[in-house]
Every structure is written in C-alpha cells, then in structure tokens.
Amino acid sequence: MTAAADTRPVVCFLCTGNAARSVMARAMFADRAPGYRAVGAGTLVLEGHPMSQRTRRALARYGIVDAGHRSSQFGADHASADLVIAMEPGHVAWVRRHHPGAAARTSTLPYLVDHLPVEGPLADRVAALDLATVEVQAWEEVVDPASGDQEVFDACAADLDRMVDGLIARLP
C-alpha cells in the first residue's frame with residue numbers, strides 16, 4: 001500500500017542559517033495552518049544542525065516543540081515551493097541570483113502580510129503580485145536575533161507570531 005501524496009501547497013520559510021527566524025516562522029505556521037505544508041531553509045547553512053537553545057526556548061513560549069528540526073540549505077526542492085517567504089531583503093536578492101525560477105514566488109514575510117491578496121487560488125494571488133520585479137525595501141526585514149540573548153530571541157518570536165498570524169489571515 002502506497003501512502004497518498006501530500007497535495008497541500010508548500011510554503012518555504014527562508015533565513016540565513018535556518019536556525020532561528022525561519023525555524024520559528026515555519027513552526028508557528030505549521031502549527032496554525034494545517035492546509036499547507038511548511039518547510040524551512042537557509043541561504044548559508046551548516047547542514048543538519050539543530051536549532052539553537054534560544055530558538056527552542058522562544059518557541060516553547062508558544063507551546064511549540066520541534067525537536068526534529070535540522071538546518072537545511074535552500075536548494076532545488078525548496079525553490080519549487082508554491083511560496084518562498086524570506087526574512088530579509090538580502091534573502092530575496094539571493095533567491096533571485098541563485099534560483100531565478102523561484103523569484104516570482106519569493107517575497108518577505110512583512111511584504112506578504114501587507115500585500116498578499118485574500119481571494120482566489122494561492123498561485124494566482126502570488127502571480128498577481130509580480131514578485132520578481134518588486135523592489136524590496138529595508139522595512140521588510142525581520143531582524144536576526146543570532147547574536148542576542150534570550151530576550152532578543154523572544155522579541156523576534158513575538159514579531160514572527162504577529163506576522164505569521166497576519167499571513168494566515170490572508171490565506172484561504
């Protein structure tokens with residue numbers, strides 16, 4: 001007996017090391033949007049590493065545990081996602097350079113929270129944004145907590161919590 005293929009739209013959350021921002025956003029989204037398959041990746045990853053203890057503790061504040069997380073370098077599988085959600089403008093530029101075929105499906109989380117249309121199939125709504133040509137702005141950055149203490153990670157998690165909920169409100 002063969003398992004049925006997962007036909008849910010794939011949303012990839014992207015940051016630099018796939019150890020903090022994309023991990024928190026992906027875990028929150030996966031917990032709250034079961035109609036989608038959430039994956040995560042980074043642009044410069046130490047492949048296979050677990051999330052940091054500060055990330056783990058920040059997620060625990062939201063009742064989320066993801067003991068199985070291992071960092072993953074963004075590659076062809078991630079580039080085929082229905083939507084790639086970057087944590088900062090530099091990540092969008094990186095995708096445009098290294099995976100130009102995914103550029104039309106790549107944007108920052110803050111931009112999508114403000115601009116993703118709420119009606120119609122996801123592919124049509126993403127296409128309507130013409131993301132490959134959008135000039136990404138500095139305000140679209142989710143600040144990396146990497147060198148901060150637990151309070152900085154908790155603040156990042158709070159920002160992501162708000163933005164992930166805003167994104168989910170725009171999805172069917």
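Values as computed for the structure displayed
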{"item": "Whole-Å semi-axes of the range 17-86's equivalent ellipsoid (Cα gyration tensor)", "result": "19, 16, 8"}
{"item": "Pairwise label distance in nanometres, Asp31 with Arg61, each label 7 Å out on the Cα-Cβ vector", "result": "1.2"}
{"item": "Radius 15 Å from Cβ of Gly90, net charge of other residues (Lys, Arg +1; Asp, Glu -1)", "result": "-2"}
{"item": "Local net charge near Arg170, Cβ-Cβ under 11 Å (Lys/Arg +1, Asp/Glu -1)", "result": "-2"}
{"item": "Model label zone, Gln53; criterion: amide N under 14 Å from point 7 Å along Cα-to-beta-carbon; scope the range 132-172", "result": "149-151"}
{"item": "Ranked by how many other beta carbons lie within 10 Å on average, peptides 158-167, 63-72 from highest", "result": "158-167, 63-72"}
{"item": "nm² value of the averaged projected area, convex hull over the Cα atoms of the range 133-172", "result": "4.0"}
{"item": "Ordering of 41-49, 147-155 by burial proxy (mean other Cβ atoms within 10 Å per residue, highest first)", "result": "41-49, 147-155"}
{"item": "The chain, relative contact order in percent, only Cα pairs under 8 angstrom and at least six apart counted", "result": "24"}
{"item": "For the chain, alpha-carbon Rg relative to the globular expectation (2.2 N^0.38 Å, N residues)", "result": "0.97"}
{"item": "When the range 51-118 is reduced to its Cα atoms, the Kirkwood hydrodynamic radius in Å", "result": "13.7"}
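Computed from the coordinates by the stated procedures, all read-outs in this text should not be read as laboratory data. Since the model is a prediction, treat every value here as computed from it, not as a measurement. Every residue, glycine as well, gets a Cβ built from its backbone with ideal geometry; the counts of neighbours run over all protein chains shown.
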